[in-house]
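The values are calculated or read from the model by the stated rules, or taken from the named source; none is laboratory data. What you are looking at is a predicted structure, and each value in this text was computed from that prediction instead of being measured. Every residue, glycine as well, gets a Cβ built from its backbone with ideal geometry; the counts of neighbours run over all protein chains shown. Ligands, DNA and RNA are stripped out before the accessible areas are found, and what is left, the full protein with its side chains, is counted by its heavy atoms. Shrake-Rupley method; radii C 1.70, N 1.55, O 1.52, S 1.80 Å.
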Amino acid sequence: MIHANVSIGEGTTVHEGAIVGEPPRGKASGELETVIGAGGVIRSGTVIYAGTVIGDRFNSGHGALIREDNMIGDDCSVGTNAVLEAGNRVGNGTRIHSGCFLEHTTLGDRVFLGPHVVFTDDPHPVCPRYLECVLGATVEDDVSIGANATILPGLRIGAGSLIGAGSVVTKNVEAGSVMAGSPALRLKGVDELVCFKGFYERPYVWRTKEPSGGKAPTAR
């Protein structure tokens with residue numbers, strides 16, 4: 001189903017059973033514009049709400065849910081059964097794996113979220129004024145976060161950091177840090193990691209672009 005006021009770029013395929021432009025509560029069908037770029041694939045079971053802007057070459061897994069007021073850059077993917085609640089800003093080349101949960105979170109460019117990473121956005125649920133509070137985390141460019149990690153509200157994870165699987169991040173993370181545990185502690189710098197197969201001098205030397213500090217994508 002494709003609602004009114006939806007713009008879909010050339011070459012993007014919408015599979016049977018997907019819904020694009022679903023109106024959020026209190027809005028009529030077509031009242032909010034929805035924009036999806038070229039060359040993407042929106043798989044069956046995906047629901048994209050109205051008021052969302054998505055760049056080129058986007059891929060969704062089956063059953064992905066993207067609510068209103070999400071802005072997603074080019075070359076991004078949102079995996080099977082991932083949930084993007086309202087208010088997220090996602091940079092270019094970012095991969096959100098299956099089962100992740102984000103709300104009011106900012107992800108920079110080339111961020112990787114392993115399966116079932118959870119971002120929280122309310123320090124004291126259910127606060128009636130949480131939308132005026134710290135909201136979700138900001139993740140700068142080239143950060144990788146392992147499966148089942150939990151990121152507490154309002155934090156900043158510095159560029160190029162690596163968060164270990166199952167970690168609970170409770171404090172801001174310096175750029176280039178390797179963090180693990182509950183609560184997550186700094187173990188070393190990313191520049192101290194070793195490629196145990198010997199394929200590279202060290203992990204992540206393939207990163208060549210300068211960080212942009214987790215800046216949100218701009219509207220198209």
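Brief remarks follow.
- Remark: pairs (first residue in region 108-120, hydrophobic (A, V, I, L, M, F, W, C); second residue open to solvent by 30 Å² or more (accessible area, probe 1.4 Å) and part of a strand (DSSP E or B); Cβ separation under 7 Å; 6+ apart in sequence or on different chains) = Phe112/Arg95; Leu113/Arg95; Val118/Phe101; Val118/Thr150; Phe119/Phe101.
- Of the listed requirements (1) within 23 Å of Leu152 (Cα to Cα); (2) open to solvent by less than 30 Å² (accessible area, probe 1.4 Å), Arg95 misses just one: (2).
- Of the candidates Val78, Val90, the single residue that is in contact (Cβ under 8 Å) with a residue 60 or more places away in the chain, under 17 Å from Phe119 (Cβ atoms) and crowded, with 20+ Cβ neighbours inside 10 Å is Val90.
- Residue list for region 1-21, filter: surrounded by 18 or more Cβ atoms within 10 Å (Cβ to Cβ) and either under 20 Å from the mean Cα position of the chain (by Cα) or not in a strand (DSSP E or B) (or both): His3, Thr12, Ala18, Val20, Gly21
Yes/no per residue for (1) among the charged types (D, E, K, R); (2) outside any loop (DSSP other than H, G, I, E, B); (3) modelled with pLDDT under 95:
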residue	(1), (2), (3)
His124	no, no, yes
Cys127	no, no, yes
Leu131	no, yes, yes
Gly136	no, no, yes
Asp141	yes, no, no
Ala180	no, yes, no
Leu185	no, yes, no
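- Given (1) under 18 Å from the mean Cα position of the chain (by Cα); (2) at pLDDT below 95, index of the condition Gly26 fails: (1)
- Contact map, region 185-209: residues that are free of Cβ contacts under 8 Å to residues at least 12 places away in the same chain paired with residues that are basic (Lys, Arg), Cβ distance under 8 Å, separation 6+ or inter-chain. Pairs shown: Val194/Arg202; Cys195/Arg202.
- Of note, Ser44 does not satisfy the criterion of being over 22 Å from Glu103 (Cβ atoms), of a type in the set (Gly, Ala, Ser) and in a strand (DSSP E or B).
- Residues being of a type in the set (A, V, I, L, M) and buried (at least 22 other Cβ atoms within 10 Å of the Cβ) - total across region 107-158: 11
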